[in-house]
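Engineer: Please read through the structure below; I'll follow up with questions.
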Amino acid sequence: MKALLTTLLLTLTIFSACTLEVSTDSEDKNETPAESNTETEETEEPAEEPAEEPEESLTYTNLDYNFKLELPDNWEGYSTSSTTTEAFNNAVENIDMMLYDETIFTIVVFEKAVYEDLEKNADGPFPGKMGENDTYVFGWSPIQAGLSDEAKEASNDITVIVNSFSNI
């Protein structure tokens, strides 16, 4: 019986010490040990799914003339090549939009006054107008012959690309 009483007394002492430990860990000293115990329990919340990041668009930006074009994903790896040529007896810059090492279409940069004069007086084919700013008019012309099958497929995107023109 003495052993039972000693064991019981020892168990109560240990239990009191555990309860006391919980209440001293509590930030609010007015909490009861039971309240403190429920607050310290960790509950597993479902992990939040990461927010879907917006797709980065493929953009051609021309800082010389301050415009940009949005390109479809299948234009990944595109390149450009610029040359100054004489067209209609005026110097114009041609920017070849290339994919698969082939020119798909050409952007023609005209000074505004030159474009307006050519628009009135040009005979024959004339580049389509893509956009303009205070100084320049941007025309475009597709490459019509000699394209590979891949390049022909990419040329189907020209209208979408041209319509995405915006000044920056």
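Values quoted throughout were computed directly from the atomic coordinates according to the rules given, and no laboratory measurement underlies them. Here the structure is a predicted model, which is why all the values come from computation and not from measurement. Neighbour counts run over all protein chains shown; Cβ positions are idealised from the backbone, glycine included.
Engineer: Would you mind ranking Lys68, Lys112 by Cβ crowding within 10 Å, fewest neighbours first? Mind dumping the intermediate values first?
Structural biologist: Working: Lys68 16, Lys112 13.
Starting with the residue having the fewest Cβ neighbours, the order is Lys112, Lys68.
Engineer: Using only alpha carbon pairs under 8 Å that are at least six residues apart, calculate the relative contact order of the range 58-167 and give it in whole percent.
Structural biologist: Working: 181 pairs, mean separation 29.4, N = 110.
Relative contact order for the range 58-167 comes out at 27 percent.
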